[in-house]
Structures are given as C-alpha cells and as structure tokens.
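Trainee: The structure follows.
None of the figures in this text is laboratory data; all of them are computed from the coordinates on show. These numbers were taken from a predicted model, which means no experiment stands behind them. Don't worry about glycine lacking a Cβ; one is built from the backbone with ideal geometry, like all the others, and counts go over all protein chains shown.
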Amino acid sequence: MAVISEDETASQPTGTQTEANARRVALIVAIAFFMQLLDSTIISTSLPQMGQSFGVPAVAMSIGITVYMLTMAMFVPLSGWLADRFGARNIFLMAIALFTLASLACGLSQDLTQFVAARAVQGLGSALMTPVGRILVLRNASKSELLNATALITWPALFAPVVGPVLGGFITTYLSWHWNFFINIPLGLIGLALVARFIPGDREADPKPLDWPGFFLTSLGLACLLYGLERIAHPEDGAMPTVLLIAAGIVVGWVAVRHLRRTPHPLLDLSSFKVQTFAISTLAAGTIFRVAINATPFLLPLLFQVGFGLSPVDAGMMILAYFLGNLGMKTVTTPTLRRFGFRSVMVVNGIIASASIMACAAISPQTPQALVVALMLIAGLTRSMQFTALNTLAFADIAAVQRSSAATLSSMLQQVAMLFGVAVAAAILNLSQIARDRPALDLADFRIAFLAIGVIGLAASFRFLVLPRSAGAEVSGHRAGN
C-alpha cells in the first residue's frame, strides 16, 4: 500500500525528504515522547501523598499504574492500523490531545475512581503516541537521515527514567502531587501546535480492513504478559496468579501469532521478522540486551538508597552522572557508527556496557565518589550508544509497506523488555535475600543482581556477531573496507 500525502496534489509523493524536515519531525516527536515517558516515571514518588489526598492507603494507588499499563497494552497493537486508516499525523495529534487532557483530569481528580478513569484515558493516548510517532519519523526521514532522526527520538527514553523520579520527588515535596500531571499541559500544547504546523498529513492509499480477532488476541496476550511481569516485582501479592498471567499471555500470544500468519489481512504484518536486522534488533539479541539495560535504572536508585544509605536527593545526584553520560554520547554516535558499522559497535559497546553493569557490584559506600561518578558516566555513555544503534538498525532494511506494523511490533517488544528487565532484577534481589535468610535487602543482594544482569547483557552482545559486517550500511554510511 502506498502512503499518500494529504498536502500534495499529486497522487504519489516524490519520496524526497530534506535533512531539515527529517530533523524537525524527529524533534517534535521527541518532545511528545519526553512528555509521555516523564509521566510514566514521575508518578511513583507521588503515590503516598496521593493516597493521603484520596483517603486510601498508598499501596492502593498502584492501581493507577496498573490501569495505565494495561490500557497501553490493549491499544498499542491497534496503533499502526489507525495510522494507516486515518493518517499518522491525525492519530498523533489525537494521542497528544488525549494524553494532555487526561493529565489535566489526573491533576484535578478528587478521588481514586476519577483518577483511575483519567489514567485509563492517559494510557490510551500513550499507546498510540509511541508507535505512531515512530511511523511519522520513518515516513519523513530518508535512510541517510534515519540515524540522526533515531538519535533524537531516543534521548527521551534515556533521559526520562533517570530524571523522572528525582523531579517527581522534588515537585511532591515542595509543591504538590497535582503538579506532576499539570507539567504535561504546556508540553502537550506545544506538541500539538508543532505537529499541526510542521508535520505533513499522510494516509494509506488503500487501507486494509480491521482484523478484529487479531486485535483481540494480541491485546489480551500482551496485557496478560505485561501484568504478569509487573507482578514479579511484588512477590507479596502471591506467586500463583503471576505464573498464571504469564502463562496465559504466552498461550494467547501463540494463538495470536498463528492467526496473524494465516489471515489475509493481519492486524500486524509479521513478515518484518524475516528481515534479519529487524529480527536481531527487536526480537533476539536486542530484546535480551534491553532486559539488561532496562534493569539498571531500576537497580541504581535502590543501590544508592538501600545499599549505600543515601538520601533520595543524594542518590539522585549520583544518578545525574548516568544521565550526563546518556547525553554526552549523542554527539559521537553518528560518526562512530559511520566509522565502525553497526555490528562492531554493538558487539564492543555491548561488552563495555555489560562490564560497567557488573562493575556496579564492586562499588560500596567506601568507594571514592569520583570512581562512582566515572562508572556512572561510562554506563550512561554505552547505554545511549546501544539504544540508538538498536533503534536505528531495526528499521534500516524495513520496506515502506512494512513500516506501520514494524513500528507497532517494535513498541510492543520494547514494553515487554522494559518490564521484564525490572521483573528479572526484582526477582534476583528477592531470591538473593531469601537464600541468604536476611530480613531486608543489603549490599550483597545488589552485587548478585548487578553481576547477573551484566551476564545477560554480555550474552546478548556476542549474539550480535551473527550480523554481517555490512548490516545497516545504507543508513550509517559505513564502508566495510574501513
């Protein structure tokens, strides 16, 4: 199916996108991504105060996080079809509008019921925002511009998880929990104005009919799997429901895959997995490495607060070095990939990133602060490089007709990897504490967790060796003889 522009009088676009336009679209999408990802990380620090405001226990507030996550899981599979049917820009505008209005409703909520309803709408907006934003970037960037564009939309995923909890704690302490949601409003309004002004409209010339069974199966399977993974971090809720949810997610997911492979108009085109660069980056080594790299932002604040005994503010300052490393790599990512190619960079950088994770097992409150800061910088630098490389290589060889499904599949798998990373880290901590028969977590438990997570990343890094040396060369500009 061809993509046609609503702003063009000709039936087919030229396909030529300027460098400035590709960068502008990516930057606008990055602003929306930052708003979404900041919101998902900032709320955790506000739960106790919100519970007091609503007159419920703090633990009851976790339903707001759960409803948000489940709504996202249910509607992410539909996002690609909606973008093709109604236009990616139109759906992106709707997603930002829903998210912004729901943020206002969250901040104005007077009780838990109102808050949960608002979070459900917010989850719907979030479900559409990420994959459709990627579709917009893919449609507006040529292959030569894809690396720079991907680097721009990757930084929110690196930035928000690090600064979100710190910013949320500051706002909750010195203002009120309501402002954790109100800060989304100016970001949302700016995003709406920029999208309407600068991003051209487009839609599929021949959109396919909606695959209702595929939508039901993929949504149900993803929701069960993600909810089950989220529960692993809370063993006090019981193991059996968690096991049943994960098992149900796997079984329903298997049925969904069988359906998608057989139906003439599948909701998600699985042919993208026949493209080696996409399969390695999203399903195989890429997902395994993301498990390790997503566990780190979960473990570091706990290490500094529980293991080192630092205050939340002091722990946040230590993690700031991690964020600075994420940003610092952005200026050298493109020339590094152009010089050495995706394969070499992802193997070597992955090994260094995994080693930096394992090195966290060696630090203690007595370690010189300069060494800890240096380690955080290295971990942040390598994390940034690997994320950008994975996210770019995934779409390096994807055909135009596969973009919508590929972007949706990538978003789904990244959600699984993110929650699985946190779940694995939490499970290792809990098992270590139980095996050592300790009443609470201590530094030894974190050492075991960092070593195990580092080994996972190391195993994934060597898996990238299956890629040819020329993988993604059209995007990076790398020449194998260099």
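Trainee: Quick one: check the C-alpha center-to-center distance for the stretch 236-307 versus the stretch 353-422, whole angstrom.
Mentor: Between the Cα centres of the stretch 236-307 and the stretch 353-422 lies a distance of 15 Å.
Trainee: Out of every Cα pair in the stretch 18-206, what percent are spaced more than 22 Å from each other?
Mentor: The answer is 45 percent, as a whole percent.
Trainee: Also, I was wondering about something else. About the Cα centre of the chain, how large is the charge dipole given +1 on each Lys and Arg Cβ and -1 on each Asp and Glu Cβ? Please answer in debye to the nearest 20.
Mentor: The calculation lands at about 1060 debye.
Trainee: In percent, how large is the relative contact order of the chain, given Cα pairs closer than 8 Å and 6 or more residues apart? Present the calculation step by step, with values, prior to reporting the outcome.
Mentor: Values: 817 pairs, mean separation 105.8, N = 482.
Relative contact order, the chain: 22 percent.
Trainee: Continuing with this model, one more query. Could you list D269, D206, D111, D84 so that the one with the fewest beta carbons within 10 Å of its beta carbon is first and the one with the most is last?
Mentor: D206, D111, D269, D84
Trainee: For G477, list long-range residues whose amide hydrogen, built 1.01 Å from N in the peptide plane, is under 5 Å from its own amide hydrogen.
Mentor: Under 5 Å from the amide H of G477: no residue qualifies.
Trainee: Quick one: Cα centre-to-centre distance for the stretch 320-336 and the stretch 171-233, in angstrom?
Mentor: That distance is 27 Å.
Trainee: Here's another thing I want to ask about it. Give the long-range amide H neighbours of D202: residues separated by 5 or more places, or on another chain, with amide H under 5 Å away, using H modelled in the peptide plane at 1.01 Å from N.
Mentor: Long-range HN contacts for D202: E6, A88, R89, N90.
Trainee: Another question, if that's okay. Which three extents, in angstrom, do the Cα atoms of the stretch 211-266 have along their principal axes, listed largest first?
Mentor: Extents along the principal axes: 45, 13, 11 Å.
Trainee: Give me the net charge for the shell around W155: Cβ to Cβ below 15 angstrom, other residues only, Lys and Arg +1, Asp and Glu -1. Each step should come with its number before you reach the end.
Mentor: On the way: positive: R23, R134, K330, R383; negative: none.
Summing Lys/Arg as +1 and Asp/Glu as -1 gives +4.
Trainee: Using the Karplus curve 6.51 cos²θ - 1.76 cosθ + 1.60 with θ = phi - 60°, what ³J(HN,Hα) values do you get for each residue of the stretch 239-244, in whole Hz, with x for Gly and Pro?
Mentor: Going residue by residue, I get 7, 4, x, 5, 4, 5 Hz, with x marking Gly and Pro.
Trainee: What is the set of long-range amide H partners of S142 at a cut-off below 5 Å, with H atoms built 1.01 Å from backbone N?
Mentor: Correct list: Q17.
Trainee: When the Karplus curve 6.51 cos²θ - 1.76 cosθ + 1.60 is applied with θ = phi - 60°, which whole-Hz ³J(HN,Hα) does each residue of the stretch 463-471 get, with x for Gly and Pro?
Mentor: Residue by residue, the stretch 463-471 yields 5, 5, 5, 6, 6, x, 4, 8, 4 Hz.
Trainee: With a 10 Å Cβ neighbour count serving as the proxy for reagent exposure, in which order, fewest first, do E19, E230 appear?
Mentor: Details: E19 13, E230 22.
By the 10 Å Cβ count, ascending: E19, E230.
Trainee: By the scheme Lys and Arg +1, Asp and Glu -1, what is the net charge of all other residues having a beta-carbon under 13 Å from that of F289?
Mentor: On the way: positive: R290, R383, R463; negative: none.
The answer is +3.
Trainee: Residue-wise, which Karplus ³J(HN,Hα) couplings in Hz belong to the stretch 286-297, taking 6.51 cos²θ - 1.76 cosθ + 1.60, θ = phi - 60°, and x for glycine or proline?
Mentor: Working through the residues one at a time gives x, 5, 4, 5, 5, 4, 5, 6, 7, 6, 5, x Hz.
Trainee: Right, next: Using just the helices of the chain, give the 222 nm mean residue ellipticity in deg cm²/dmol: DSSP H runs with n ≥ 4 each add -39,500 (n - 2.57), and the total is spread over all residues, rounded to 500. Each step should come with its number before you reach the end.
Mentor: Values: 18 runs with 358 residues, N = 482.
Rounded to the nearest 500, the figure is -25500 deg cm²/dmol.
Trainee: Arrange the following residues from fewest to most other Cβ atoms within 10 Å of their Cβ: Y174, Y322.
Mentor: Placing the least packed residue first, the sequence is Y174, Y322.
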